[in-house]
Amino acid sequence: MVLPMHAEPAAGQAEVPSRIVVLGGLNADLVVAVPRLPRPAETIMGERLRTFAGGKGANQAVAAARLGGAVSMVGRVGQDAFGDMLLESLVGDGIDTTAIGRDAEEPTGAALIFVEEGGQNMIAVAPGANAKVGRQEVDRLATLLDAASVLLVQLEVPLMAVEAAVQAVRQAGARVILNAAPAISKLPDALLQAVDVLVVNEVEASSLFGRPVESQDEAAAAGRAALENGVGAAIVTLGAAGSVVVDRSGASPIAAYPVVAVDATAAGDAFVGALGVALGRGADLRSAARLGAAAGAAAASRSGAQSSLPRHNEIEESLERAKPHQAGPKSDAG
């Protein structure tokens, strides 16, 4: 099977490389595999503790870089061993880290992650230095932008910084992909109206738009709600059930690639990173989402966050025999 490793540009549009700038969280991921996720007040015996480089922003930066993107990471870490580890990891993937600050007072962010058999996880984040991201980082970000840039941003840093970064991107004429994660119940209208593509999973979509999101039809309805709130387009991901792309032309289901799930921790970040790379090359949104689906499936088949993020050849090797699940009927935009 030929995968969309180099997503096709829109008709009449040449493939133009662009710089991907990522503003977001950088965390040390402390991971324990458990037989099942614990219930409240319950203690579960797990396997050995493992430490990975993570954080949604850093994960998306690595995902994009491994698929050929020219990536700059903007954020903040502490002056500690975890911060050293994260910076070394990013540099190892060819990512520009000059816009990452070192905080003398706050520790590097950390995520405590339980992963059960089958890949489902439970995550708690101690933001540390991520919570101090602000005007200094936004100013650094602005120097990296031009009209061909793509900004990837999430919600692991203060919302004030997200809003300021998005406005800086709009002034530069660049594009914004907002991954509204972790889940939030409300985003400012001005922020949503400045977003080119909103990416949310079913939990995040349900929280943001106040409606259940479990099926493709419900995902399409959430996507239409996003458009009504001013975003240019929306993608609602549904894990093994695929995703739904919604824009002004309608709603289209994107099939999932079936894999044996081991750890879903960074699958969504792989999706967003791949999406940014494809859109930066001039691909249409649906082709870009198909590349995202392939990257997310490959990431879910391996343990860890950044350690699971695939390169081109690894996506092909993981999925060459797989056929996407059949997607449901196309939903109408009306």
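Is the stretch 302-313 home to any residue that is modelled with pLDDT of 75 or more, of a type in the set (A, V, I, L, M) and either within 20 Å of the chain's Cα centre (by Cα) or in a helix (DSSP H, G or I) (or both)?
Yes, some residue in the stretch 302-313 is modelled with pLDDT of 75 or more, of a type in the set (A, V, I, L, M) and either within 20 Å of the chain's Cα centre (by Cα) or in a helix (DSSP H, G or I) (or both).
Hey, does the stretch 200-209 have a residue that's touching a residue at least 40 places away in the same chain (Cβ under 8 Å) and in contact with a helix residue (DSSP H, G or I) (Cβ under 9 Å, 6 or more places away or on another chain)?
Yes, the stretch 200-209 has at least one match.
Can you run down the residue pairs with Cβ atoms below 7 Å, 6 or more apart or on separate chains, where the first is in the stretch 103-123 and more than 27 Å from GLU137 (Cα to Cα) and the partner is surrounded by fewer than 15 Cβ atoms within 10 Å (Cβ to Cβ) and among the aliphatic types (A, V, I, L, M)?
Qualifying pairs under 7 Å: PHE114/LEU37; PHE114/MET122; GLU116/LEU37; GLN120/LEU37; MET122/LEU37.
Yes/no matrix, rows are residues, columns are (1) in a loop (DSSP other than H, G, I, E, B); (2) under 30 Å from MET45 (Cα atoms):
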{"position": "ALA99", "(1), (2)": "no, no"}
{"position": "ALA110", "(1), (2)": "no, yes"}
{"position": "ILE113", "(1), (2)": "no, yes"}
{"position": "ALA131", "(1), (2)": "no, no"}
{"position": "VAL138", "(1), (2)": "no, no"}
{"position": "ASP146", "(1), (2)": "yes, no"}
{"position": "LEU152", "(1), (2)": "no, no"}
{"position": "GLU156", "(1), (2)": "yes, yes"}
{"position": "GLU163", "(1), (2)": "no, no"}
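Counting only residues that are among the small types (Gly, Ala, Ser) and surrounded by fewer than 21 Cβ atoms within 10 Å (Cβ to Cβ), which one in the stretch 190-220 is farthest from LEU275 (Cα to Cα)?
GLY210
Mind listing just one residue for me: the one in the stretch 234-243 that is outside any strand (DSSP E or B), buried (at least 18 other Cβ atoms within 10 Å of the Cβ) and aliphatic (A, V, I, L, M) and, of those, nearest to the chain's Cα centre (by Cα)?
Among residues in the stretch 234-243 that are outside any strand (DSSP E or B), buried (at least 18 other Cβ atoms within 10 Å of the Cβ) and aliphatic (A, V, I, L, M), the one nearest to the chain's Cα centre (by Cα) is LEU238.
Can you find even one residue in the stretch 81-88 that is exposed (fewer than 14 other Cβ atoms within 10 Å of the Cβ) and modelled with pLDDT of 95 or more?
Yes, there is a match, as at least one residue in the stretch 81-88 is exposed (fewer than 14 other Cβ atoms within 10 Å of the Cβ) and modelled with pLDDT of 95 or more.
Which residue, of VAL213, VAL231, VAL246, VAL259, is out of contact with any Phe, Trp or Tyr (no Cβ under 7 Å at 6 or more places or on another chain), part of a strand (DSSP E or B) and either of a type in the set (A, V, I, L, M) or farther than 30 Å from VAL31 by Cβ (or both)?
That would be VAL246, the only listed residue that is out of contact with any Phe, Trp or Tyr (no Cβ under 7 Å at 6 or more places or on another chain), part of a strand (DSSP E or B) and either of a type in the set (A, V, I, L, M) or farther than 30 Å from VAL31 by Cβ (or both).
Within the stretch 131-150, is even one residue over 18 Å from the mean Cα position of the chain (by Cα) and closer than 17 Å to ALA267 by Cα?
Checked against the condition, which is being over 18 Å from the mean Cα position of the chain (by Cα) and closer than 17 Å to ALA267 by Cα, the stretch 131-150 yields no hits at all.
Within the stretch 187-210, how many residues are assigned to a loop (DSSP other than H, G, I, E, B) and at pLDDT 95 or above?
Result for the stretch 187-210: 5.
With the requirement that a residue be more than 17 Å from ALA256 (Cα to Cα) and out of contact with any strand residue (DSSP E or B) (no Cβ under 6 Å at 6 or more places or on another chain), what does the stretch 225-244 give you?
Matches in the stretch 225-244: ALA225, LEU227, GLU228, ASN229, GLY230, GLY232.
Can you name the residue in the stretch 255-273 that is under 17 Å from the mean Cα position of the chain (by Cα), among the aliphatic types (A, V, I, L, M) and modelled with pLDDT under 95 and, of all such residues, is surrounded by the fewest Cβ atoms within 10 Å (Cβ to Cβ)?
Among them, the one singled out is ALA264.
The values are calculated or read from the model by the stated rules, or taken from the named source; none is laboratory data. What you are looking at is a predicted structure, and each value in this text was computed from that prediction instead of being measured. Cβ atoms come from the backbone with ideal geometry, glycine included; neighbour counts cover every protein chain shown.
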